[in-house]
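As structure tokens, the structure follows; a few thoughts come after it.
The values are calculated or read from the model by the stated rules, or taken from the named source; none is laboratory data. Computed from a predicted model, the values in this text were never measured in an experiment. Backbone-built Cβ (ideal geometry, glycine too); neighbour counts: all protein chains shown. Surface accessibility is based on the protein's heavy atoms, side chains included, excluding ligands, DNA and RNA. Shrake-Rupley method; radii C 1.70, N 1.55, O 1.52, S 1.80 Å.
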Amino acid sequence: RVLFHADKTRNTLENFWQESDWNQQLYAAIFGHSSEQCITLTYMGKAYRARVIPIDGLAQANWSLVVYRDLTFVRTLNLQTTAMAATLFLIILTAPLVIIVIWRGSCRPHFVAEWLWPHAGRTATYIYQTALYGLLIVLLLCIAAFSSSEEAMAACVLIPYTALAFTFWAIRLFPSGTPEPYQRNRAETVVAAFLTGVAVCGFVWLLVAQWQYLHALAWLLPIWLVATLPLRQSNGARLLRRYKARFSKPYESKGEQQDPGDLASRYVGWYAWSVLLLLLLIGILTPLVLFRDSLRIEARLLIKEAQLHLAASAERQQALLRSQCDAEQRSLAECREFAMIPWTPRTDRQVSPPPWSRTQLLPLYKDDARRPDFLPHSDIESTELYSPWFQRLIYLLHHNYNQPAAEMSGVISDRGVPKAARFKSGSEEQPAGEAGAAPEWSWWETNSKITLRKHGSEPQVYTSGDPAARREKDMDLVLETPFRPSAARDTWIEIGVALIALFLICGLFLAIARRVFLFQIVPHRISGARQAAEAIRQGRNVVILLPPQSNWRLDTPTYRFDVREHATTPKWAELLDLNATIPVNTLVEIRGFESPDDPENHNQKFVLLDRLRARPGTQIAVVMVVGPSIEDYRRQFAGFEVIDFREEPLLWLAAYAGPARDQLWKECAPVPALWPLGAQLAAELRREPDLQHDRTYTNADIAAEVLEKAELYYRLVWNECSPLQKFVLSQLATDGALNPTNARTIQQLVRRGLIVKDPQFRIVNESFRRFLASVPSQHLRREWLQESRKTGWGKAHGAFFTVMVVVGLFLLTTQNGLWNSAAAYVTTALGALAT
């Protein structure tokens, strides 16, 4: 039974346990006269946190004191914080998403983009990205820890965009040994350069215009400079050579050959590090900092709202006291005590001022004439904690779905409505408004305290006992509240949350990467040119055997050394000054090694190879033109990787001469059965009568021509495939991606040469892809769809979405309060889904 309540109308009329829905924890706490911890209960239909406290000094042991707090304010703070952080994060992700959609809609790639796939040729790019992301992560953490909320939120926009922009330019500009088919077109580069220039100019303008609020973001400029330097071709090539010298040839000093598995694991590891750091920066730290600063902003608004309520309550109390004194409802001593009317000590005996003076009881009031912050109106406006545009952003992101939330949105500004100021200067009264207008209330934050100064004219203060000589002064109410939103305990909690999220993302990424990238599936055969390029890029010494009809040349910049020009004297290799003749840190291309000569000269050639291999910083490529033979070159060139071009169809290239030679060879080379067909098509193109007017053919034109002539062959290949192989081929041709659960079937198709991994999975050529996209009949597609509905998610997704829709309609129909807060919940859900 309630004896005394904060609401006097409930005294002796309320059963607190009954109104709390017979909460058993509350009953146990009242029975024991105290609770060890807070209790969550429903009181009068609303959620509260309560604590039962024993009353000391009372003989009646069955009395207890219950203090309780409405959780509406706490839940409003939590929901507002989550909604603001989620909305900001969703807005941040919108721009990259729009760019990706526009790029995919304009370019229409048929397969997964090459730059998304781990590729050994981009190892140096992954190292560059890892270092860049590390710098940006450190910068974001420093700004979040030591700067204002406005700077931290601006950093959450600029730093992720910086990471994405430099990722794009690193993939495009950083030298990586990527083959020519993967290079992007010039239009994309021009558009990207224009957008980058606009973004840089906009950032510099924002930094200059808002230097007072965003000066911490100036640290981005040196990071941009440091990150831009390696993107130059010369600097990037130098770093790439250093990487090769450091990581690609660790076994040469021991006379061993590097294990290709080590190199594969190395580039995969760097790829994983770059992706994980990018996910840490954008997917974990960015929303974490957004949530942390949104909580700081909303908590500050909640404190300001509470201070205004407290100030209004104090003013009402003072007004009540004054009205009671005016109506003589209080004693003269009480009114004198609170200085509501002038009073003078009695003349018959000395009377000291009341022991409870106004200054002792109410130190919250201060004379505004002594205000240290009283400044002209323009200066007062300039002392806002946040800039005007940031205040407008907070107002837009703040949802007024209940009364506390609406009141919080009313105190976003730190300055209330300007009010004419009246103050005294000596004995003359200065007219109001001449020195500017004071705000009705104002806040400022110093030393982890939020201070409210509410301008007022109550009560009137009399400086002397003579009513005629009295002077009226405005007394301002001043409140100070400690504000520590980022205590050490909260910081450790944030670090723990970030680490847990990072571990979860790492585990999820590694689990997905092993299945999606299918590293265990390797091409059954690669071309000699590709094999040579990979071996040279990885820093290995190679011997390349060319047929007599070949005119193949190395694309990598080399120093060419012709043996026939130097083999003119005995012991020429032993006497040759290598440092003066052959430069260091370059690829040495040795020609003429196959020239016939005497045994002594033959030995001198291998002496030259031994000396070059023993010298640090030298990579060797021996290029020999030899005919078919049974000679074992791998035994002769121990320690070298021998690449035999004599198996390549180089003789067919002569038959492809014409206006579309390169496009035809690209389309027909992967499938030997198409070589004669390509030669026939090249001859037909040469006989075209309008060749002398238009000699350009696109890849799409050649693919259409090849498909028209090779359709019967493709249909034969299709009929030989199993049902599962047909599904995998059609899926890759239509969607550009593969389901990793079909790994065994994918391996079979790779061995047959119908799917290539270069580095991503794709159909062997464009004409076959077009054939696969159109050949499945509607009946076959319906069979695939019906089969997919029988297993896994296909069986559950229909029932799941039906239940979700029914539950949503039920809640929105029965819970009217959800209609008002639906916007905040939907925004929060979208932001959480994006995260």
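What the table shows:
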read-out: Matching entry among L141, L136 (being buried (at least 17 other Cβ atoms within 10 Å of the Cβ) and modelled with pLDDT of 85 or more); value: L136
read-out: Set E458, E440, E480: member being of a type outside the set (G, A, S), under 17 Å from I303 (Cα atoms), modelled with pLDDT of 50 or more and open to solvent by 50 Å² or more (accessible area, probe 1.4 Å); value: E480
read-out: Residues that are assigned to a helix (DSSP H, G or I) and open to solvent by 60 Å² or more (accessible area, probe 1.4 Å), drawn from region 567-594; value: E574, L575, N579, A580
read-out: Output for region 155-169, where each listed residue is over 19 Å from D293 (Cβ atoms) and aromatic (F, W, Y); value: F166, F168, W169
read-out: Qualifying residue in region 787-800 (condition: open to solvent by less than 60 Å² (accessible area, probe 1.4 Å), at pLDDT 80 or above, under 30 Å from S722 (Cβ atoms) and hydrophobic (A, V, I, L, M, F, W, C)); value: no
read-out: Odd one out for H602 among (1) open to solvent by 30 Å² or more (accessible area, probe 1.4 Å); (2) in a helix (DSSP H, G or I); (3) touching a residue at least 12 places away in the same chain (Cβ under 8 Å); value: (3)
read-out: Selection count, region 23-60, where residues are assigned to a loop (DSSP other than H, G, I, E, B) and either closer than 24 Å to V74 by Cβ or touching a strand residue (DSSP E or B) at 6+ places or on another chain (Cβ under 7 Å) (or both); value: 10
read-out: Residues that are open to solvent by less than 10 Å² (accessible area, probe 1.4 Å) and part of a helix (DSSP H, G or I), drawn from region 718-736; value: V728, L729, S730, L732, A733
read-out: The listed residue being without any contact (Cβ under 8 Å) to a residue 12 or more places away in the chain and among the hydrophobic types (A, V, I, L, M, F, W, C), out of I143, I127, I100; value: I100
read-out: Residues of region 764-794 classified as touching a helix residue (DSSP H, G or I) at 6+ places or on another chain (Cβ under 9 Å), over 30 Å from L677 (Cα atoms) and not in a helix (DSSP H, G or I), total; value: 1
read-out: Region 85-97 residues that are touching a residue at least 12 places away in the same chain (Cβ under 8 Å), paired with ones that are open to solvent by 20 Å² or more (accessible area, probe 1.4 Å) and of a type in the set (S, T, Y) (beta carbon under 7 Å, 6 or more apart); value: A86/T827; A86/T828; T87/T827; F89/T835
read-out: Matching residues, region 384-399, being hydrophobic (A, V, I, L, M, F, W, C) and surrounded by fewer than 16 Cβ atoms within 10 Å (Cβ to Cβ); value: W389, L396
read-out: Condition broken by P431, with the remaining ones in (1) at pLDDT below 85; (2) surrounded by 14 or more Cβ atoms within 10 Å (Cβ to Cβ) satisfied; value: (2)
read-out: Residue match in region 68-82 (condition: in contact with a strand residue (DSSP E or B) (Cβ under 7 Å, 6 or more places away or on another chain), open to solvent by 70 Å² or more (accessible area, probe 1.4 Å) and outside any helix (DSSP H, G or I)); value: yes
read-out: Scope region 189-199; condition free of Cβ contacts under 8 Å to residues at least 12 places away in the same chain and either touching an Asp or Glu at 6+ places or on another chain (Cβ under 6 Å) or surrounded by 11 or more Cβ atoms within 10 Å (Cβ to Cβ) (or both); matching residues; value: V191, A193, L195
read-out: Condition met for T741 (more than 29 Å from A657 (Cβ to Cβ), modelled with pLDDT under 90, open to solvent by 80 Å² or more (accessible area, probe 1.4 Å) and hydroxyl-bearing (S, T, Y)); value: yes
read-out: Close pairs from region 567-588: first within 19 Å of P557 (Cα to Cα), partner open to solvent by 40 Å² or more (accessible area, probe 1.4 Å) and assigned to a loop (DSSP other than H, G, I, E, B), Cβ under 7 Å, at least 6 apart; value: L587/T556
